[in-house]
Amino acid sequence: MMRRTLHIWLAGAFLLTFLACGPGGESFRIQGRFRDMQAGEIYIYNLSEGYERLDTVSIREGKFLYRGQASEHTPYILVFPNGMEQVVFVGPNEDLEYEATANDMKNYVVNGNEENKLMNKFRQETYTMNPTATRGAARTYMTDNPQSPVAIYLLDRYFVQDDDASPDELSALLAKLKTHHPHNHYLLEIEKKIATRQSRQQGKTLPNVTLTRKDFTTTHLWPQDRDYTLLAFWSLWHPQGYDFLWRLRRLADKNRDSGRLRIVAVSLDLERHRWEDVARQDSLSSVIQHYCDGRAFESDVVKTLGIEQLPFYILADKDHKVVDSGDDMNGLDELLKKHLQ
């Protein structure tokens, strides 16, 4: 499961520093070094909506430098060409050192503050764990270190992003962290995300979200004249993007004759021209309706429905009630068979 992943290609051969805009605060600096990557580019962004800029950082001779501003300790995400994501915690007036090996990205190390020291330890201890065990370790770390901003990130990464997480546990963990971080921007946004996610739970009425066409005109999700609508979120930059589109086309072809299924494919691509080329060539456009506004995870439809990972789907009936949602594309065939028989 990959959150807010922005797939880029290695390019560039000069060192370039970008200044990140945030909600005020003091400057910070991240100095990075790779043992076996000489040149390239990576993306960096903040998980808090207060820092909306997505920046590109260039690598030259195995090094990069990134500067920004922060008013509190907050997590930044580095995104690499293979889709790998890494978290770095920054704070006001901090000078951080990042070190990694390109062929073993999970074992990166960040030094310079207590937050990254704690996150380094968590990564080392969970390196060989399966997802269930890792979630258990995250729960333990949150319980033992509720005062740390790392606990907020672990709540988001291992519980909020997990659609199977217990609502009661989410509420309990959120309440505990709020006592230690009552004004933290990131935690307040997580609280909103938890509430937003309820809008796509089974049995809920799906909001009439706005969708953007290729020519930048807009339309609404409802009304629709089919028994079921499959709202699918995907992107060409995601490692599974083309495979997911192939699955959608196969589903569209299987259900074309019945006329009961409508497929709405919402792309989270930033480069709309690439998406337009793919959408234009889709021979099943009569069944698959393609939309993209070029804003990726900042898109209004994504925020309204609380989409946090790709690929992701929501199946709704003719009354706009959510039948099912999730990221298990292998089970989507069986799900549609069940409802379209």
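In table form, for the structure just shown:
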read-out: Residue list for region 110-133, restricted to those being in a helix (DSSP H, G or I) and in contact with a helix residue (DSSP H, G or I) (Cβ under 6 Å, 6 or more places away or on another chain); value: GLU115, LEU118, MET119, PHE122, THR126
read-out: Qualifying residue in region 100-109 (condition: under 28 Å from ARG135 (Cβ atoms), part of a strand (DSSP E or B) and modelled with pLDDT of 85 or more); value: yes
read-out: Residue identified as among the acidic types (Asp, Glu) and touching a residue at least 24 places away in the same chain (Cβ under 8 Å) among ASP227, ASP215; value: ASP227
read-out: Pairs with Cβ under 6 Å, 6+ apart, first in region 309-325 and within 25 Å of PHE297 (Cβ to Cβ) and small (Gly, Ala, Ser), second in a strand (DSSP E or B) and modelled with pLDDT of 90 or more; value: ALA316/THR229; ALA316/VAL322; SER325/ILE314
read-out: Residue under evaluation LYS178, criteria (1) basic (Lys, Arg); (2) under 23 Å from GLU308 (Cα atoms); (3) modelled with pLDDT under 90, criterion not met; value: (3)
read-out: Residues of region 69-87 classified as over 15 Å from VAL110 (Cβ atoms) and in a strand (DSSP E or B), total; value: 2
read-out: Check on ASP333, in a loop (DSSP other than H, G, I, E, B) and at negative phi; value: no
read-out: Some residue of region 237-259 being at pLDDT below 90 and closer than 24 Å to GLU49 by Cβ; value: yes
read-out: Any chance GLU52 is in contact with a Pro (Cβ under 6 Å, 6 or more places away or on another chain), in the same structural domain as LEU187 (by TED's automatic domain parsing) and modelled with pLDDT under 90; value: no
read-out: Those residues of region 38-76 which are of a type in the set (A, V, I, L, M) and either free of Cβ contacts under 8 Å to residues at least 40 places away in the same chain or surrounded by fewer than 20 Cβ atoms within 10 Å (Cβ to Cβ) (or both), in sequence order; value: ALA39, ILE42, ILE44, LEU54, LEU65
read-out: Unmet criterion (only one of (1) more than 25 Å from ILE194 (Cβ to Cβ); (2) in a helix (DSSP H, G or I)) for VAL301; value: (1)
read-out: Single unsatisfied condition, ALA195 versus (1) in contact (Cβ under 8 Å) with a residue 24 or more places away in the chain; (2) under 30 Å from LYS321 (Cα atoms); (3) outside any loop (DSSP other than H, G, I, E, B); value: (1)
read-out: Hits in region 304-330 - residues which are part of a loop (DSSP other than H, G, I, E, B) and either of a type in the set (A, V, I, L, M) or touching a His at 6+ places or on another chain (Cβ under 9 Å) (or both); value: ILE307, PRO311
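The values are calculated or read from the model by the stated rules, or taken from the named source; none is laboratory data. All figures in this text were calculated on a predicted structure; none of them were measured in a lab. Note that each Cβ is placed from the backbone with ideal geometry, even for glycine, and that neighbours are counted across all protein chains shown.
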